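Worksheet: the structure to be examined is printed underneath.
Throughout, read-outs are computed from the coordinates displayed, never taken from laboratory work. All values derive from a computational prediction rather than experimental measurement. Every residue, glycine as well, gets a Cβ built from its backbone with ideal geometry; the counts of neighbours run over all protein chains shown.
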Amino acid sequence: MKRKRDRLEIIHDILHVIRQKGSGIKPTHILYKSNLSHQMLTDYLSELIEKSFIIEEVDKKGKKFYVLTDKGFNYLSEYKLIRDFADSYGLG
Amino acid sequence: MSFANFSPKWFFGFDVALEFIFAIILVAVALFGFKIYKSTSQRYIKYFSLAFLFIGISYIIQSIFNYFMLSKLNQAICIMIKLQSVALFNLYGMYTHMLFMTIGLVILVYMSFKMESKKPLWLLMIISLLAIFFSYNPLYIFFLISSVYLIFLVWHFLENYLKNKTTNSLIITVAFLFLFFGNVHFAFSMQHNIFYVVGHILELFAYLLILMNFLTIKKNEKKKRSA
């Protein structure tokens, strides 16, 4: 049985899903791929916007979509390092 | 009174050097932690880094004041700042070390609780500092309280190891266990000064393990970048 994901891992999974899409992704697509409840995803997306990992944009039809910022890309590239450090000291 | 009063004469200077090494290791890990915090914006990482920084500063203070005592510079400084008693100067050093170390340990313990509210942090801080600074034997109370905090930290890191089962988490658990035993020995150093030496040696093992963990993580980072 897969162990419960911690905060850092969930953030990684959400950013990874957004990066995979490349040009911007809708909230429902993130919901399907991230394996989170609607409420949890909403909370995480708010946190990621507040902390500048992603930005929320609106397309011509008025639909919201999300794009990674440099900070978000940086998190993904440094994830192994973050993971090792957090696991050592139980900071997840 | 100062910590160096508990040192055997042959150990003078070694304690200064060791405390300085401990400070370097702690500050290095703290700065690395702040870099990780910049990437993650996760508050527990910020608290962790802050805690290590405070503990590192406490060792710098201890090292400096022990050096002043060893080199008799404390007498010259007292004259310079017009302080009447060298013992009072040494006492300031001891209290400042205890203040920073206690703050660092309290922040670490608070971080391990993973609580949203900051009230427990302030409560632990106030109670610990009041107990230490208003006690008839502040040094003994300081070692007692810090031992309690260290055993809670060992518990936290042990739970972390049992959850993650990584070598790094095991190294940190063992490191903090050495810190706990080192701290207990310092409490006994008021009765016999050999415990002061043993305490320093146990702390050396602990901080070398923390350094080893830090260098392993940095090495993996370099490997990944070059790949």
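Below is a table of values for the structure above.
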| read-out | value |
| --- | --- |
| Charge tally in the Cβ shell below 9 Å around residue A:24, where Lys, Arg are +1 and Asp, Glu are -1, residue A:24 excluded | 0 |
| Relative contact order %, chain B, counting alpha carbon pairs below 8 Å whose residues are six or more apart | 21 percent |
| Likely footprinting exposure, B:173, B:216, fewest C-beta neighbours within 10 Å first | B:216, B:173 |
| For the range B:98-188: rounded, prolate or oblate by the Cα gyration tensor [a/c cutoff 1.5] | oblate |
| Residue exposure sequence - B:15, A:6, A:59 - by fewest surrounding Cβ within 10 Å | A:59, A:6, B:15 |
| Degrees separating the helix B:14-40 axis from the principal Cα axis of chain B, which is the longest one | 40 degrees |
| Of B:110, B:136, B:149, the one that fluctuates the most in a GNM where chain B has Cα springs shorter than 10 Å | B:136 |
| Relative contact order (%) - criterion: Cα under 8 Å, at least six apart; region: the range A:3-92 | 32 percent |
| At least 30 Å along the helix axis (C-alpha) and Kyte average at least 1.0, DSSP helices within chain A | none |
| Charge dipole (the protein assembly as shown, unit charges on Cβ, about Cα centre) - positive-most of B:8, B:117, A:23 | A:23 |
| Environment charge at residue B:196 (Cβ cut-off 15 Å; Lys +1, Arg +1, Asp -1, Glu -1) | -2 |
| Per-pair calculated FRET efficiency, R0 = 22 Å: residue A:37 and residue B:43 via Cβ, rounded to 0.05 | 0.45 |
| Overall form of the range B:157-227 per C-alpha gyration tensor (a/c, 1.5; a/b vs b/c) | oblate |
| Fewest-first ranking of B:217, A:10, using other Cβ atoms within 10 Å as the exposure measure | A:10, B:217 |
| Cut-off 12 Å between beta-carbons: net charge of the residues surrounding residue A:55, Lys and Arg +1, Asp and Glu -1 | -1 |
| Along chain B, longest interval not containing exposed trypsin sites (Lys or Arg not before Pro), exposed being DSSP loop plus at most 16 other Cβ atoms within 10 Å | B:1-71 |
| Cα long-axis angle, helix B:119-133 against chain B (0 to 90 degrees, to the nearest 10) | 20 degrees |
